[in-house]
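Asker: Questions regarding the structure given below will be posed in turn.
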Amino acid sequence: MDLKTAFAGRFKVGAAISRMNLSTPANMRFLLDQFNSFTVENDMKPMFFLDSEANFKEPEKYNLAPKLRFDFASPYLDFAKEHQIPMRGHTLVWHNQTPKWFFCRNYDEGEGLADRDTMLKRLENYIRGVLTFVQENYPGVIYAWDVVNEVIDEGDFRKSLWTETVGTDFVIKAFEFAKKYKAPEVKLFYNDYDTFEPWKRKLIIEKVLKPLVAEGLVDGMGMQTHLLMDKPDLAEYEISLHSFGELVPEVQITELDIHNADPSEESMERLAERYKELFTIIVKAKDEGKANVTAVTFWNLLDENSWLTNFRKEVSHPLLFEGKCQAKKAYYSVLETVLSKDQIEKWTPEYTDEEYQSPPPFEYFKTMRSLMYHRVHIEKGIDLCFEEYGSGDNYILSAQVGFYPFGMQQKLASMGYHVICITLRGFYPSSYVEEDYGDRWYDVFAEDVVKVADKLHIDKFFYMGASHGAGVGWHLMLLAPSRIKGFIACVPGPHSLTEGSMSMRQMVLSGIIKEPPPMDPPIDNDPRREKRRNFRSAHIAMNPEPDPREKAIDYGRPLLKFKTEEKLCEALHTIEVPTLILGAIDDPISTPELMLRSAKALPHCKMILYSNCGHNIDTDLVEELSGEADRFMKQVDHDGRVYAWDM
């Protein structure tokens, strides 16, 4: 007997799914076989409904009613409608995965935050637009919405752009708008994590649920239920379940998983027992009328899909199923809370190998990644996109064609820096360009860095770049040295001016070079670096083909205007900005000889070379290079130079 049948008459049993699940036939057959509800893991969060391109292009037109897009949500809604499986809507309002530009005047992050009245209009029209689209095109498909998600944190309302622009009553307002536009049968929920914590339980009840109940705006409480093997004490969980059950008509378990990094048989036995204890509490509360539990949703279908592996930085085994939809012991222990053992049949998935095959949805990933960017308008027809990591006033700016999501920038953000990663103009998702800037490309890129800094009100900053990104840095040091505290230059060259003007990238794209020289030497007996290289290769393989407009760009090589090696070195000698050069002995592009030439020319330079490394050293040795960069920046902040006078 499957989950949906076993718990029929008590509550729906659902799972969260991703676009990869949706595009894998076996996963979707499995969903229909075991579950009778599902939630979209990411693609129905605010950032996926907001049409950034349209809102940026015509901010006056859409100022109070943001233009929405539904291409992310529609494939899931189509599936639900076709197969008559109900959906939970997740989530209308959240501090996370809602782009900052949505809160800004004219949807421009360089113009500051919009006022309360503007944001209330945007909030209402956004909710109206989403609910109207879903209910007109997919009537009856979505039975419940998480209207507001995770507003309680650290003993009070979470500080967010919502509280900053609207105030804490944005919660009430969101529910008012949702109730105004929802279909009669749709239920409205408040959703939060760690609801078993006594302090959080109390605040949710007093600050969120009771005001909503008093206004007749809420139908239920969503308990996310992300648990650990040893925390919480499930007695506290039971108290929360009963407390919410006394106050609101429905309770739903919305994002259930139990993190477990130990795949051993003994550990999986303990996981099964913990699931059994949890479901015993849930079923008992339902049967005894302590809480009207109407749905239990697992957060993903399979262990391999779980968000926890990335979040916890270790492989997690938190769910009831794994691999090719195979049941774990926890599956049977959950069934035992409502069935006798002789009623439980062994689950044997019967999906073909072909049904597990799914080509990666390249365009989906490309578009999805673009939504995670911030954007500023810097001149007519040119918007620049950037990723932001960390916080605070110690800024690092970096500008490249694209960024690896697990590189030095992200590591340095975790070490206390505020990192802005700018995608160069001409490259997605920044604005494409028709103009060929000739030998001025790098000057234009450098000027753009300054324009972004101006828009974000950043006065002085460190600049960090690798390869062509370091090329931007050379031009930046010459164009705006007063803005730069220090330059972290990874494999920076610059190229010898005797080698020609065309970039290596363009020579490969145009077929002049069939393939670039080996960028990295082989790794001997270093599994960590091998794993990192494999992960990076897999990441690159997921990228779609570049747009033809990108392929047409040849930004050339940096500092070409100096014509000769002698004049180039003279120019480098004028750079007073403290510089850290990080390079690799086996780099065929930015060779040690080129970097040594640069270091000798610079008056304030420190250079570190690593053996058994190549051109991709910034993603190969992330921790090591980040540590060196951190020491360099702290020294520059302290003394304004690359070495200390007093040790």
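Asker: Can you compute 3J(HN,Hα) from phi for each residue in the range 45-62, using the Karplus curve 6.51 cos²θ - 1.76 cosθ + 1.60 with θ = phi - 60°, rounded to whole Hz and x for Gly and Pro?
Answerer: 7, x, 4, 8, 8, 7, 7, 4, 4, 5, 5, 5, 6, 10, x, 5, 5, 10
Asker: Which percent, to the nearest 5, of DSSP beta bridges fully inside the range 74-168 are antiparallel? Kindly include the intermediate steps, with their values, before the conclusion.
Answerer: Numbers: 3 of 9 bridges.
Antiparallel bridges make up about 35 percent of those DSSP assigns within the range 74-168.
Asker: Net charge around Phe535, counting only other residues with Cβ within less than 12 Å of its Cβ (Lys, Arg = +1; Asp, Glu = -1)?
Answerer: Working: positive: Arg528, Arg529, Lys531, Arg532, Arg533, Arg536; negative: Glu530, Asp620.
Here the charged neighbours net out to +4.
Asker: Which residues in the range 433-477 have a backbone N closer than 17 Å to a point placed 7 Å from the Cα of Arg105 along the Cα-to-Cβ line?
Answerer: 454-458
Asker: Using a 10 Å cut-off on Cβ atoms, rank the peptides 210-217, 123-130 from the highest mean neighbour count down. Intermediate values should be presented prior to the final figure.
Answerer: Working: 210-217: 15.0, 123-130: 20.1.
Ranking the peptides 210-217, 123-130 by packing returns 123-130, 210-217.
Asker: What FRET efficiency would be calculated for the residue pair Leu479, Glu624, taking the C-beta separation as r and a Förster radius of 35 Å, to the nearest 0.05? Write out the running numbers ahead of the final one.
Answerer: Values: r = 31 Å, r/R0 = 0.87.
Efficiency, rounded to the nearest 0.05: 0.70.
Asker: Could you do me a favour and compute the accessible area per residue for the range 524-647, 1.4 Å probe, result in Å²? Could you put the intermediate results ahead of the total?
Answerer: Details: 6500 Å² over 124 residues.
Here the per-residue accessible area is 52 Å².
Asker: Any chance you could give the angle, 0 to 90 degrees and rounded to 10, that helix 116-137 forms with the longest Cα principal axis of the chain?
Answerer: Rounded to the nearest ten degrees, it is 60.
Asker: In a shell of Cβ-Cβ distance under 12 Å around Arg597, excluding Arg597 itself, what net charge do Lys and Arg (+1) and Asp and Glu (-1) give?
Answerer: Values: positive: Lys600; negative: Glu565, Glu566, Glu593.
Its environment carries a net charge of -2.
Asker: For the pair Glu269 and Arg29, how long in nm is the line joining their label points, each one 7 Å along Cα→Cβ?
Answerer: Placing both labels 7 Å along Cα→Cβ, they lie 3.4 nm apart.
Asker: On the principal axes of its Cα set, how long, how wide and how thick is the range 362-495? Give whole Å, largest value first.
Answerer: 36, 35, 30
Asker: Oh, and also: Across the range 194-210, in residue order, what do the Karplus-derived ³J(HN,Hα) couplings come to in whole Hz, using 6.51 cos²θ - 1.76 cosθ + 1.60 with θ = phi - 60° and x for Gly and Pro?
Answerer: Values per residue, Gly and Pro as x: 6, 6, 7, 5, x, 5, 6, 4, 4, 5, 4, 5, 7, 9, 10, 5, 4 Hz.
Asker: Taking all protein chains as present, what is the carbon and sulfur share of the accessible area of the chain, in % to the nearest whole number, probe 1.4 Å? Walk me through the numbers before you get to the answer.
Answerer: On the way: 13810 of 27140 Å².
C and S fraction of accessible area: 51 percent.
Asker: Among rounded, prolate and oblate, which fits the chain when a ≥ b ≥ c are the square roots of the eigenvalues of its C-alpha gyration tensor, a/c under 1.5 means rounded, and a/b larger than b/c means prolate? All intermediate terms of the calculation are to be shown ahead of the outcome.
Answerer: Values: a/c = 2.09, a/b = 1.73, b/c = 1.21.
Taking the square roots of the gyration eigenvalues as a ≥ b ≥ c, the chain is prolate.
Asker: Can you check what the net charge comes to around Leu68, using other residues whose Cβ is under 15 Å from the Cβ of Leu68 (Lys, Arg +1; Asp, Glu -1)? Walk me through the numbers before you get to the answer.
Answerer: Values: positive: Lys45, Lys57, Lys61, Lys67, Arg69, Lys121, Arg122, Arg128; negative: Asp43, Asp51, Glu53, Glu58, Asp71, Glu124, Glu136.
The answer is +1.
Asker: Additional query: Treat every Asp and Glu Cβ in the chain as -1 and every Lys and Arg Cβ as +1, leave all other atoms uncharged, and give the resulting dipole magnitude about the Cα centre to the nearest 20 debye. Kindly include the intermediate steps, with their values, before the conclusion.
Answerer: Numbers: 76 positive and 101 negative charges, 180 e Å.
In total the dipole reaches around 860 debye.
Asker: While we're looking at this one, here's another question. Assuming 0.36 nm per residue, please report the length gained on full extension of the stretch Asp115 to Lys380 beyond their Cα-Cα distance.
Answerer: Values: separation 265, 0.36 × 265 = 95.40 nm, distance 2.53 nm.
Extra length from Asp115 to Lys380 when fully extended: 92.9 nm.
Asker: Still on this structure: What does the charge dipole of the range 122-276 about its Cα centre add up to, to the nearest 20 debye, if the Cβ of each Lys and Arg holds +1 and the Cβ of each Asp and Glu holds -1?
Answerer: On the way: 18 positive and 30 negative charges, 165 e Å.
It comes to approximately 800 debye.
Asker: I've got another one for you. For the range 277-350, report the accessible area per residue in Å² (1.4 Å probe, heavy atoms, rounded to an integer). Numbers along the way, then the final one.
Answerer: Details: 3470 Å² over 74 residues.
Heavy-atom SASA per residue in the range 277-350 reads 47 Å².
Asker: So if each residue of separation counts as 0.36 nm, and I subtract the Cα-Cα distance between Ser391 and His83, what length gain in nm does that give? Please list the in-between numbers first.
Answerer: On the way: separation 308, 0.36 × 308 = 110.88 nm, distance 4.50 nm.
Here the answer is 106.4 nm.
Asker: Could you compute how much accessible surface Arg641 exposes when probed at 1.4 Å, giving the result in Å² to the nearest 10?
Answerer: 60
Asker: Sticking with this one: Can you tell me the FRET efficiency between Ser74 and Asp169 if r is taken as the Cβ-Cβ distance and R0 is 30 Å, rounded to the nearest 0.05?
Answerer: Once rounded, the FRET efficiency stands at 0.40.
Asker: Please work out the average accessible area per residue across the range 1-116, using the 1.4 Å probe convention, and give it in Å².
Answerer: On the way: 4030 Å² over 116 residues.
I get 35 Å² per residue for this part.
Asker: Ok, one more. To the nearest 10 degrees, how steeply does helix 527-541 sit against the main Cα axis of the chain, on a 0 to 90 scale?
Answerer: On a 0 to 90 degree scale, this one is about 90.
Asker: Rounding to the nearest 10 and keeping the result within 0 to 90°, find how far the Cα-based axis of helix 25-34 lies from the longest principal axis of the chain.
Answerer: 30
Asker: Here's another thing I want to ask about it. Can you list the residues of the range 408-429 with backbone N under 17 Å from a point 7 Å past the Cα of Lys551, pointing along Cα to Cβ?
Answerer: Only 427-428 fall inside the zone, counting backbone N under 17 Å.
Asker: Which value at 222 nm does the chain reach when only helices count, each DSSP H run of 4 or more adding -39,500 (n - 2.57), with the total divided by all residues and rounded to the nearest 500 deg cm²/dmol? All intermediate terms of the calculation are to be shown ahead of the outcome.
Answerer: On the way: 26 runs with 247 residues, N = 647.
It comes out at -11000 deg cm²/dmol, rounded to the nearest 500.
The values are calculated or read from the model by the stated rules, or taken from the named source; none is laboratory data. Since the model is a prediction, treat every value here as computed from it, not as a measurement. Cβ atoms come from the backbone with ideal geometry, glycine included; neighbour counts cover every protein chain shown. Keep in mind that these areas ignore ligands, DNA and RNA; they rest on the heavy atoms of the full protein, side chains included. Shrake-Rupley method; radii C 1.70, N 1.55, O 1.52, S 1.80 Å.
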